[in-house]
Amino acid sequence: MPSLGAPQKSMAVLRVEVVYALPGRGDSVVVAVPAGATVHDVLAKSGLLRLARGKVGIFGKVVREDTPVADGDRVEIYRPLAVDPKEARRARAATYTSRSRRAGSARSPSRAPRRR
């Protein structure tokens, strides 16, 4: 039996928030985990591990699931993009170009000649 004055192992408990956002609503769960816990441990305890199919992060920075967490961290589960941003831009540009040609002008409003 250790003496009363002997140093003891600290069983610190960390409070970590797990968030997952959807358009129109979001889920947020605060969990308590022991010191040394990883992102994976936090996700498992929160019950949101099934949603973590893609990337996860801590305060907006992408991290791996074996990254240790600190007290007060916010673990974020990122959703995959619905549409590739480059493809969305190409589609918008194609729509704009086709409308401009029908109107008789291939110039964008920002390229139109200035009146003096």
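The values are calculated or read from the model by the stated rules, or taken from the named source; none is laboratory data. Predicted model, so just to flag it, every value in this text is computed and none were measured. Please note: Cβ atoms are built from the backbone with ideal geometry, for glycine as well, and neighbour counts cover all protein chains shown.
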So how many residues does the range 16-28 have that are surrounded by 12 or more Cβ atoms within 10 Å (Cβ to Cβ), closer than 21 Å to Pro80 by Cβ and not charged (D, E, K, R)? 5
Residue within the range 68-84 that is part of a loop (DSSP other than H, G, I, E, B), without any contact (Cβ under 8 Å) to a residue 24 or more places away in the chain and within 24 Å of Arg15 (Cα to Cα) present: no
Phe59 vs (1) over 13 Å from Val18 (Cβ atoms); (2) at pLDDT 85 or above: all pass except (1)
Determine whether Arg74 is surrounded by 15 or more Cβ atoms within 10 Å (Cβ to Cβ), at pLDDT 75 or above and of a type in the set (D, E, K, R). yes
Return a yes/no flag: does the range 77-94 have any residue that is within 13 Å of the chain's Cα centre (by Cα), at pLDDT 85 or above and of a type in the set (A, V, I, L, M, F, W, C). yes
In the range 32-41, what residues are of a type in the set (A, V, I, L, M) and either in contact with a helix residue (DSSP H, G or I) (Cβ under 9 Å, 6 or more places away or on another chain) or at positive phi (or both)? Ala32, Val33, Ala37
Restricting attention to the range 31-56, and to residues there that are in a loop (DSSP other than H, G, I, E, B) and surrounded by fewer than 17 Cβ atoms within 10 Å (Cβ to Cβ), which single residue is modelled with the lowest pLDDT? Arg53
